[in-house]
Each structure stands twice: as C-alpha cells, then as structure tokens.
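Worksheet: the structure to be examined is printed underneath.
Each reported figure results from applying straightforward, stated rules to the coordinates on display, with no laboratory input. Just so it is clear, the structure is predicted and the values come from calculations on it, not from any experiment. Note that each Cβ is placed from the backbone with ideal geometry, even for glycine, and that neighbours are counted across all protein chains shown.
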Amino acid sequence: MHAQELPPLPTSEEFEGSKQPHKLRFRLVSHTEDIDALVTLAEIAHSESRFRDISFSAEKVERIAADALARPERAGVFLAQKGSDPVGFAYASVGEYHIGTDVLIATIHNINVVRGHRASLAGGRIALGLFKGVETWARARGAREVLFHVTSGVELARSHKLAKRMGYELIGGGYGKALD
C-alpha cells in the first residue's frame, strides 16, 4: 500500500466504552471541546516527567490537538474518561519510515494515565484501552507496526512490563544525557 492510499477513518464510536457513570470510556478526540482536558492531562504528565524543569506550553498541546483534528489520517489524540472525568490520554502519528517508502509506521509519542489511577486495576484498564485505541486507529490507516517510545523517566519498569504484556517487543532503548 502506498502512503497516499489510506483506508477509511474509523469513527469515534469504535473507541467508545460504556457510557455509564464511573465506567471507563475511550475515544478518539474529534472536536475542540476536548482540548482543555487534554492540556490539563498533558500538564500533569509533564510535571512528573524528566522534563518537568522545562516550561510547559499549553499552546503546543493545543497545536498538536488541532493538527490531529485537521489531519486525522496522520495524527490522533485519544482520551480516556472515568465517568465524565478525564483520566488518561495518548497522542500518536502515522507516517512512512524515515528512510523507506511505501510502509506506514505508527508512533505513540505520549501515553499517560493520571497518577491517582495508575497503580490501580482501573489504571491498567485505562492504559490497555488507550493502547487498543491507538492500535485500532493505526491499523485503520494501514500501519504495519506501532512504535512506543518511553522517554518520560516515570515508572519505567511498569511501562516496560505493560508494553511486554501488550505484545510489544524491546527493539532498542532511549538514552539521555544532560549537557551542562
């Protein structure tokens, strides 16, 4: 499949869970009303990451979300809610391998479950739902593979264990070195 020939986009209902109060719901963000919740979740994730000393930019998060809304064939933002409360999000993109052609690769740039739910059974279900949403979205775009980069420095062992349980294989590593 050539990169320009994308299959039809899934609707947000394909990511929906139960709409009952206090139940988990997952969806592809498809309207601007969700951007404030995404900014809040991203700021929380940023505040506990290895990059917390860098000024947070709500404007950049808003641009990422706007780009995903404008180009849903290339970028997606996913929201997890427990009842009406946002409890997690993911941001992914799809594109050709940087030195190859005709094969699409999806990348999860950010996935986060709020700390209050992360270590609970619900936290595992939230992460699982976000991963499954990204995978469904990527598959609908013809992606051959999903890459998951962990660079937050937050609970790395838990992230590794979850990725392995989800069927992801370790294919490298992320390294960082502060330059004084």
(request) Give a residue-ordered list of calculated ³J(HN,Hα) values for region 141-149 (Karplus: 6.51 cos²θ - 1.76 cosθ + 1.60, θ = phi - 60°; whole Hz; x for Gly, Pro). (result) 9, x, 5, 7, 7, 10, 9, 10, 9
(message) Within a 10 angstrom radius of the beta carbon, how do 117, 149 rank from fewest other beta carbons to most?
(response) 149, 117
(message) For 54, 105, which order do you get if you count the other beta carbons within 10 Å of each Cβ and list the fewest first?
(response) 54, 105
(message) Suppose each label sits 7 Å from its Cα in the direction of the beta carbon; what would the residue 156-residue 67 distance come out to in nanometres?
(response) 2.7
(message) In whole Hz and in residue order, list the ³J(HN,Hα) couplings for region 158-172 that follow from phi through the Karplus curve 6.51 cos²θ - 1.76 cosθ + 1.60, θ = phi - 60°; x for Gly and Pro.
(response) 5, 4, 4, 4, 5, 4, 4, 4, 7, x, 7, 9, 6, 10, x
(message) Which order do the peptides 159-167, 137-145, 73-81 come out in when sorted by mean C-beta neighbours inside 10 angstrom, highest first?
(response) 73-81, 137-145, 159-167
(request) Quick one: which residues, 5+ away or cross-chain, put their amide H under 5 Å from the amide H of residue 103? H built at 1.01 Å from N. (result) 97
(request) Rank 154, 76, 107 by how far each Cα sits towards the positive end of the charge dipole of region 13-165 (+1 on Lys, Arg Cβ; -1 on Asp, Glu Cβ) and give me just the farthest. (result) 154
(message) How big is the dipole moment of the chain about its Cα centre under a simple scheme where the beta carbon of each Lys and Arg is +1, that of each Asp and Glu is -1, and everything else is neutral? Debye, nearest 20, please.
(response) 740
(message) On a straight-distance basis, which lysines could pair with residue 161 in a cross-link, Cα separation under 22 angstrom, same-chain partners fewer than 8 positions away excluded?
(response) 132
(message) Residue by residue through region 95-101, what is 3J(HN,Hα) from phi via Karplus (6.51 cos²θ - 1.76 cosθ + 1.60, θ = phi - 60°)? Round to whole Hz and write x for glycine and proline.
(response) x, 5, 3, 4, 10, x, 10
(request) Using only alpha carbon pairs under 8 Å that are at least six residues apart, calculate the relative contact order of the chain and give it in whole percent. (result) 23
(message) Only bridges whose two residues both fall in region 13-165 count here: according to DSSP, what percent of them are antiparallel, nearest 5?
(response) 80
(message) Sorting check: for 25-34, 171-180, which peptide has the highest mean count of neighbouring beta carbons within 10 Å, and how do the rest follow?
(response) 25-34, 171-180
